[in-house]
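What follows is one structure encoded as structure tokens, with my remarks underneath.
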Amino acid sequence: MQGFVNFIQAFLDLGATVILPIVIFLLGLFFGQKPGKAFRSGLTIGVAFVGIFLVIDLLVDNLGPAAQGMVERLGVSLNVIDVGWPATSSIAWASVVAAFVIPLGLVVNVVMLLTKTTKTMNVDIWNFWHYTFMAAMVYAISGSIIQGLIAAVIFQIVALKVADWTAPMMSEFYELPGVSIATGSTISYAPGIFLVKLVQKVPGLKNWNADPDTIQKRFGIFGESIFIGLFLGVVIGALAGYSVGDIIEIGMAMAAVMVLMPRMVKILMEGLMPVSESAREWLNKRFGDREIYIGLDAAVALGHPAVISTALILVPITVVLAVILPGNAVLPFGDLATIPFIVAFIVGAARGNIVHSVIVGTIMIAISLYIATDVAPVFTQMAANANFDMPEGSARISSIDQGGNIVNWIIFKLFSLFN
């Protein structure tokens, strides 16, 4: 069994840049594409994800140290460390339930497609770790593999239904037709869509137009995304207490993120569209006129400048929230660079309005900090069972991504009632 888990972990460690081209190539063949065309689609998507993750690395490598600088300047002392999604996923895969999650998840997705209970064909296999973590949490309190797997399936069903619900947004706002997002960290923030609608009814506030197009019209050349990235990067560097040279460096890095990410997403769509069309034609021949979405990593939504802008503003806000929220014990760190992923639906619902997105994002992150605090004991126990090396000086750990995941927490609490 452990050997099978290690095989799955090794497969997932190949990452999206290897797994996705293979999956897309096989899907292309399955849906009747010629081998050459299917191979080109897979290769193009792989190249696009190489570019996307290079830009994400640029974002993470600059935001991480800056966030640490802000924390040190504030002198924050909280006893639960946010270890980030990479550590969280490794804890998930160390659980005894891990070996069953991917094959079970694939079966569930196929059954839901055949029964027309979802329109999403989720090829985002490496993000199945969110389902695995859900299963591992329930297993930790119940000792039951069956209960853990049931919890993972419930989480997956919710993720697929949210992906279906938000797919029109992906097409209309993000200009990604045929794409949906079932990434566990992103669907957790889907309730923020309702908060956006509420904010947009508040007198006065509803008229604050701050989407990238409006900003550019108002400020001219200085309202372009490249200048917004530069400005926000400089502000973050200053808040972190950087030297002038380092402030300029992080400003340039954020300007680069704002310019390069949309171009990488365009390359991705170039490879995805032929496969998406083939899938639609194949399904229409066999099941009638039917809409189908391809579920991808939430990274594809980072191509919109409003997402990155909102996330950069929320980084210092999250650090301040951790300090001022009574009862919070989580020190944000590892998942601060994950904020662009978790606010994607909020920004889409706000039609790119950065002011509305930041307000709702602040509320949702505050909720996540409390949830992450609540699950810290079981999170820490799971880490101990996985022989995870605890950060120096920390007694407990958690994460904003999955530890603070609202859907994960609700399901976990339901299972806690009878365990």
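Under a 5 Å amide H cut-off, with hydrogens placed 1.01 Å from N, TYR293 pairs with THR120, MET121 among residues at least 5 apart or on other chains.
Heavy atoms of the protein chains alone define the surface here; on that basis the chain has 41 Å² accessible area per residue at 1.4 Å probe size. With loop membership from DSSP and a limit of 16 other Cβ atoms within 10 Å, the longest segment of the chain without GluC sites (Glu not before Pro) is 1-174. Within the stretch 88-102, list the residues whose amide N lies under 14 Å from a label point set 7 Å along Cα→Cβ of LEU26. Those under the cut-off are 102.
Simple spin-label estimate for LYS285 and LYS116 gives 2.1 nm between the two label positions (7 Å along the Cα-to-Cβ direction from each Cα). For Rg and Dmax of the Cα atoms in Å, one of (i) 20.4, 68; (ii) 23.1, 73; (iii) 21.0, 63 was computed from the structure I shared and the rest are decoys. Which label? Among (i) 20.4, 68; (ii) 23.1, 73; (iii) 21.0, 63, the one calculated here is (iii). Assuming a ≥ b ≥ c are the square roots of the Cα gyration tensor eigenvalues, decide whether the stretch 109-176 counts as rounded (a/c under 1.5), prolate (otherwise, with a/b larger than b/c) or oblate. Prolate, since a/c reaches 1.5 and a/b exceeds b/c. When HIS356, HIS304 are compared by accessible area of protein heavy atoms, the largest-first order is HIS304, HIS356, using a 1.4 Å probe. Could you please state how large a percent of the accessible area of the stretch 315-358 is carbon and sulfur, counting protein chains only and using a 1.4 Å probe? The computed percentage sits at 76.
Membrane-span-like helices in the chain, defined purely by DSSP H runs whose alpha carbon atoms cover 27 Å or more axially and whose average Kyte-Doolittle hydropathy reaches -1.0, are 35-74, 145-172, 244-287, 305-324, 354-374. For the chain, the longest piece that avoids every one of the trypsin sites (Lys or Arg not before Pro) found in DSSP loops with at most 15 other C-beta atoms within 10 Å covers 291-419. Measuring nothing but how far apart in sequence close Cα pairs (under 8 Å, 6+ apart) lie, relative to its length, the stretch 299-419 scores a relative contact order of 27 percent. With 0.36 nm allotted per residue and the present C-alpha distance subtracted, the ASN209-PHE39 stretch has 56.8 nm of extension available.
Computed from the C-beta positions of VAL60 and LEU414 and an R0 of 25 Å, the FRET efficiency is 0.15 to the nearest 0.05. For the chain, a simple Cβ point-charge model (Lys and Arg +1, Asp and Glu -1, everything else neutral) yields a dipole of about 1160 debye relative to the Cα centre. Working note: 222 nm ellipticity from helices only, DSSP H runs with n ≥ 4, each -39,500 (n - 2.57), summed and divided by the residues of the chain, gives -22500 deg cm²/dmol to the nearest 500.
Residues whose amide H comes within less than 5 Å of that of ASP82, counting only those at least five positions distant or on another chain, are LEU331, PHE333, GLY334, SER398 (H built at 1.01 Å from N in the peptide plane).
Counting every C-alpha pair in the stretch 258-413, the share spaced more than 21 angstrom apart comes to 57%.
The values are calculated or read from the model by the stated rules, or taken from the named source; none is laboratory data. Not measured: the values here are computed from a predicted model. Every residue, glycine among them, receives a Cβ derived from its backbone with ideal geometry; neighbour counts consider all protein chains shown. When the accessible area is computed, the model is the full protein with side chains, heavy atoms only, and any ligands, DNA or RNA have been set aside. Shrake-Rupley method; radii C 1.70, N 1.55, O 1.52, S 1.80 Å.
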